[in-house]
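Below: the structure, in structure tokens.
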Protein chains: 4
Amino acid sequence: MGPHPPHPGGIAPKPVCLVIGAGAGIGGHVGKRFAREGYHSVLCRRRDEEGLRRLVEEIETEGGQASGFLLDAAEPGSIEERVAGIETGIGPIEVVVFNLGAQIGDRPLKDTSYKAFELGWRLATFGLFRTASAVCPLMEERGRGTILVTSATAAVRGNAGQHSHAAAMGGRRMLCQSLNAEYSPKGIHVVHIVIDGAVDAPDTLGRMLGPERFRRLREARGLEHDGLLLPAEIAETYFFLSQQHRSAWTHEIDLRAFSDRPWWNH
Amino acid sequence: MGPHPPHPGGIAPKPVCLVIGAGAGIGGHVGKRFAREGYHSVLCRRRDEEGLRRLVEEIETEGGQASGFLLDAAEPGSIEERVAGIETGIGPIEVVVFNLGAQIGDRPLKDTSYKAFELGWRLATFGLFRTASAVCPLMEERGRGTILVTSATAAVRGNAGQHSHAAAMGGRRMLCQSLNAEYSPKGIHVVHIVIDGAVDAPDTLGRMLGPERFRRLREARGLEHDGLLLPAEIAETYFFLSQQHRSAWTHEIDLRAFSDRPWWNH
Amino acid sequence: MGPHPPHPGGIAPKPVCLVIGAGAGIGGHVGKRFAREGYHSVLCRRRDEEGLRRLVEEIETEGGQASGFLLDAAEPGSIEERVAGIETGIGPIEVVVFNLGAQIGDRPLKDTSYKAFELGWRLATFGLFRTASAVCPLMEERGRGTILVTSATAAVRGNAGQHSHAAAMGGRRMLCQSLNAEYSPKGIHVVHIVIDGAVDAPDTLGRMLGPERFRRLREARGLEHDGLLLPAEIAETYFFLSQQHRSAWTHEIDLRAFSDRPWWNH
Amino acid sequence: MGPHPPHPGGIAPKPVCLVIGAGAGIGGHVGKRFAREGYHSVLCRRRDEEGLRRLVEEIETEGGQASGFLLDAAEPGSIEERVAGIETGIGPIEVVVFNLGAQIGDRPLKDTSYKAFELGWRLATFGLFRTASAVCPLMEERGRGTILVTSATAAVRGNAGQHSHAAAMGGRRMLCQSLNAEYSPKGIHVVHIVIDGAVDAPDTLGRMLGPERFRRLREARGLEHDGLLLPAEIAETYFFLSQQHRSAWTHEIDLRAFSDRPWWNH
């Protein structure tokens, strides 16, 4: 377990953990977790260069290696060029954490524009397809690799107001199964991770609710907020999954707080 | 059961069954089935004006009403304008049969172009979203309506080579659940119909296999070819679903030939 | 479609529709529906001989054929002997409606006795296994037959207090899939029907709620109570399923009132 | 992470990991894994006292603590008494690994006796219910506990010849969801683990295939046999799941070898 040893006769680059969608929630914490284990974490996010720099510094302060890039995944070529740049400039991508969300809150059909519907797909489904198209051939050549895909309740059931999000996530799940069917026998581990609840993340949940409602929700979920999904704890599972031996790989897994109801209950 | 009676004091237009994707398989047979019950079937397909005309004539010969339109669903505005045209020129759309496929055969990831992946989504997922956006407000105003969505095995499991198709169909299924969650209480019946096997259809299966392989497959599936899904029999279930009383509506259903294996078996 | 014609040169017995669990709800209405189409409905229930007689008389008054038997499905040999008796004394069983419930209301684990847990299984899972063991060889010999299995939300998701019910129904669903895998290619149609909501049935829902709460629930669900599942409408779907052509068989289907939420929503 | 520290001012007993179904496959390896982390592993199995003793000795040789008991789970009171005995004699049960199988190989319906069908349920479904009934109140009082349930492909899809096994496992899965719904908010973590493939285990797979076919299968699955599920690797996931923070618990997870097909593919 853990990354592979340096090449004999030279200093090999660290294995890279590429996080697409590295905010202050799941993405950032997963990046930190892998850096702590000897990976070079490459953190990509669309905006907030300042936040990105802080994240990289936190990792470096802990003694880890990290790089940060602003990346607009909706932009043609953006993911592909970043992958190519990392492979030549930093090291082999051993792990991809695909963590782009497409949640836009509940909106009735009439308030869901074609543009919003398409953007959901473009980020959440097509973004993963492009990422896989870029990294799978590289991983296949190396005979190994891991793609950890953050997914959501909306991948397994549609709900009122979730037209865009559910369509995008449902596509993402089926894409994960298709990727797994082709690439698992070639040594590439694809995991579809259903985050089935609210995550204690200021960048996503916090932004959606606004500061006041976010503060109240956190208080309502217990002293340690552990009625919310804590991103540092989610990161433990991501890291574990990346280290599973290939004789016992997980393809689908769900995560939620103990006090939350699974999506199938009410 | 059956369409509503004519308005008192005037000749009301027949209720319309709009079939998007009306080839010689499921779409065409469902169009005929509804026409036989007093609906005006509006048949839309991308090409083969001659085949379309034949279909309309067959319905008229049987004493039914039908109209045919070439429609490129990938074209912006095409579905929306057709819906508007039908409502003003033919009659109220009571039933929509959304029957656009996106099957392009099994292709490994490296042979699945961005364009092919996007086209799958554009037809199979976004096409349904646009259709629903156009008809749901009309149906909501009338307090009733039915949307029958042809779907595929790929909506419930991804498979090797199915990257584009499965992502599109998985999105379609979650969209159906989202539409149902919003519109079922408003009297609109959305059904997701998993066609879990090969359909005896020259336009789709026949085209994919070529004439010789198609002929051999048909022969292998029994004298009456009923080891394949017969589109006329599929149409019976579509019509039945459209007539279910709202106290007992089906949202998800599967169909396959008796001699075929369900997708979950092997 | 419809039952097979009488043998040439003699009066063949009517095909039998055997209903196991024929109360005033789904079972009784399905029995009536099949009788109306020319089947001899054999109605079996555990108690209320008076209610059973009334059901048989209603069918006969409509011009149909029916027989009624008290049957304690938990009793060893009870189902098996009834099946044998029908085949020799009434006619060939073409359709079985397995309609035994095992709902005992929500009970926390500590209030769910071993006995209650076992009884749930004995009726809902083992009862179906015994029924299938008795009728499948007969149907296989005739090359056709239909087994319609009433199931419940609890077959697809467990819930608080549903330990016994969910375990029994989950077993029932997997048994249906196993029966289907073995017998569908032999011409026996097995359907698992998820009744996903409250049924307007005095014998089951009425008994569970008591008369006053049942009355209030019915009123709350609309003038025609069609916010509840109306058993006469459910029966339409059961009959339709029994008549599907074998080239397009349904194995799994759900039913709920338009105004109710599917189990996966909340 | 890891078991709780000893009480101040006294030697607290080690936390217990109780394995019900501790052969040379998953059960034994999970027992070893927990012992290595400071748990007292209590290993229970139906037969082979010699094998059981060996397993205990291996753990002790590694410096761990273990006890072994023969236990016939089909026997009334057997599980309940063992649980009580452990709690008073060894220590608090923090983790239960419920690992009883009910696979009897593929058998057509006519060769599946009532007795075989019932035994499947008695071990795989009722056995878990009895175990939960015994340990949940104890865990609830302590505010924590973990129940790891080994499950099988048959829990999520029935298949030809799997009448007994699938019915038992389907019930097991729905029972896990029901237990989770009641007990997760009380701090008890229930995990349903789908072992979706052949396990490299002499006691189960080896016994079913016979020594010669088992040897050939192992050879066919690669030098390290890692085309089979290696029980030591499965045990890594079991241990990890038991250590998940309660803010991010998994309820359902699958495991299979990289080169195997998931149950939904073929």
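Taken together, the values in this text are just the output of simple stated rules run on the coordinates, not laboratory data. Everything quoted here is computed from the prediction, not taken from an experiment. Reconstructed Cβ throughout: ideal geometry from the backbone, glycine too, with neighbour counts over all protein chains shown.
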Vicinal HN-Hα couplings computed from phi for region B:244-251 (Karplus, 6.51 cos²θ - 1.76 cosθ + 1.60; Hz; Gly/Pro x): 4, 5, 5, 7, 8, 9, 8, 9
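Quote the convex hull volume per residue of region B:113-163, based on C-alpha atoms, as a whole number of Å³.
On the way: hull volume 3.6 nm³, N = 51.
In region B:113-163, the Cα hull volume divided by residue count equals 71 Å³.
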Count the net charge of all other residues whose Cβ sits under 11 Å from the Cβ of D:MET139, scoring Lys and Arg as +1 and Asp and Glu as -1. -1
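May I ask for the Kirkwood hydrodynamic radius of chain C, worked out over all distinct Cα pairs and given in angstroms to one decimal? Write down the numbers at each step before the final one.
On the way: mean 1/r = 0.0531 Å⁻¹.
Averaging 1/r across every pair of different Cα atoms and inverting gives 18.9 Å.
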So which lysines can A:LYS32 reach, going by Cα to Cα under 19 Å and dropping same-chain residues fewer than 8 places off? A:LYS14
List the residues, sorted by chain then number, that are 5 or more residues from C:ILE147 or on another chain and whose placed amide H is less than 5 Å from its amide H. C:VAL96, C:HIS189, C:VAL190, C:VAL191
For C:LYS115, go through the lysines and keep the ones whose alpha-carbon is under 24 Å away, minus same-chain ones fewer than eight residues off. D:LYS115
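Using a Förster distance of 51 angstrom, determine the FRET efficiency expected from the C-beta separation of C:GLU212 and A:ARG215, and round it to 0.05. Walk me through the numbers before you get to the answer.
Numbers: r = 45 Å, r/R0 = 0.88.
The calculated FRET efficiency here is 0.70.
Suppose every K and R has +1 on its Cβ and every D and E has -1 on its Cβ; what is the size of the dipole of chain A about the Cα centre, in Debye to the nearest 20? Provide the component values of the computation, followed by the final result.
On the way: 30 positive and 32 negative charges, 105 e Å.
The calculated dipole for chain A is roughly 500 debye.
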Using DSSP to define loop residues, name the GluC sites (Glu not before Pro) in region A:199-266 whose beta-carbon has at most 13 other beta-carbon atoms within 10 Å. A:GLU224
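What does the net charge come to around D:GLU37 if you take all other residues with beta carbon closer than 12 Å to its beta carbon, with K and R at +1 and D and E at -1?
Values: positive: D:LYS14, D:LYS32, D:ARG33, D:ARG36; negative: D:GLU62, D:GLU94, D:GLU236.
Charge balance near D:GLU37 sits at +1.
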Under the classification rounded if a/c is under 1.5, otherwise prolate if a/b is larger than b/c and oblate if not, where does region A:196-248 fall, given a ≥ b ≥ c as square roots of the Cα gyration tensor eigenvalues? prolate
Using amide H atoms built in the peptide plane, which far-off residues or other-chain residues are under 5 Å from A:GLN65 H to H? A:SER41
Derived scalar couplings ³J(HN,Hα) [region D:98-110; Karplus, 6.51 cos²θ - 1.76 cosθ + 1.60; whole Hz; x for Gly, Pro]: 8, 10, 7, x, 9, 6, 10, x, 6, 9, x, 3, 5
Whose Cβ in chain B comes nearest the axis that rotates B onto D, and by how many Å? B:HIS266, 2
Proximal lysines to B:LYS186, defined as alpha-carbon separation beneath 16 angstrom and excluding residues fewer than eight positions away on the same chain: A:LYS110
Taking a label point 7 Å from Cα toward Cβ, how far is D:GLU212 from its twins in the other copies, in nm, shortest first? 4.3, 7.5, 8.0
Yeah, the protein assembly as shown with a ≥ b ≥ c from its alpha-carbon gyration tensor (a/c under 1.5 is rounded, else prolate when a/b outruns b/c, oblate otherwise) is oblate
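For region C:156-230, give the magnitude of the charge dipole about the Cα centre (Cβ charges: +1 Lys/Arg, -1 Asp/Glu; no others), in debye to the nearest 20.
Charge dipole, region C:156-230, about its Cα centre: 200 debye, nearest 20.
Region C:57-166: which GluC sites (Glu not before Pro) are DSSP loop and have at most 14 other beta-carbon atoms within 10 angstrom?
Details: sites: C:GLU57, C:GLU58, C:GLU60, C:GLU62, C:GLU80, C:GLU81, C:GLU87, C:GLU94, C:GLU118, C:GLU140, C:GLU141; in loops: C:GLU62.
Passing sites in region C:57-166 are C:GLU62.
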Contour minus Cα-Cα distance for C:ALA74 and C:ARG142 (0.36 nm per residue): 21.7 nm
The protein assembly as shown - charge dipole about Cα centre, Lys and Arg +1 at Cβ, Asp and Glu -1, debye rounded to 20: 0
Would you mind listing the distances between the B:ARG47 label point and the same position in each other copy? Use 7 Å along Cα-to-C-beta, nm, one decimal, shortest first. 4.4, 6.7, 6.9
Once phi is turned into ³J(HN,Hα) by the Karplus curve 6.51 cos²θ - 1.76 cosθ + 1.60 with θ = phi - 60°, what whole-Hz value does each residue of region C:65-74 show in order, with x for glycine and proline? 10, 7, 9, x, 9, 6, 8, 9, 5, 6
Give me the one-decimal nm value for the distance between modelled label points at B:ASP48 and A:GLU60, 7 Å along each residue's Cα-to-Cβ direction. 6.3
Positive dipole terminus of chain D, leading residue within D:GLY23, D:ILE11, D:ASN180 (C-beta point charges): D:ASN180
Pull up all non-local amide H partners of B:GLY197: gap of 5 or more, or a different chain, and H-to-H distance under 5 Å with H placed in the peptide plane. B:THR153
How far is helix D:49-61 tilted, in degrees, relative to the longest principal axis of the Cα atoms in chain D, given as a value from 0 to 90 rounded to the nearest 10? 50
Listed residues C:GLY64, C:GLY31, C:GLY21; largest mean-square fluctuation, Gaussian network over chain C with Cα springs below 10 Å, found at C:GLY64
Looking only at other chains, what is the average number of their beta-carbon atoms within 10 angstrom of each beta-carbon in B:150-160? 5
Along the charge dipole of chain C, Cβ charges K/R +1 and D/E -1, which of C:CYS136, C:ALA235, C:THR125 sits furthest on the positive end? C:THR125
If you take the square roots of the eigenvalues of the alpha-carbon gyration tensor of region B:102-259 and sort them as a ≥ b ≥ c, do you get rounded (a/c under 1.5), prolate (a/b over b/c) or oblate? oblate
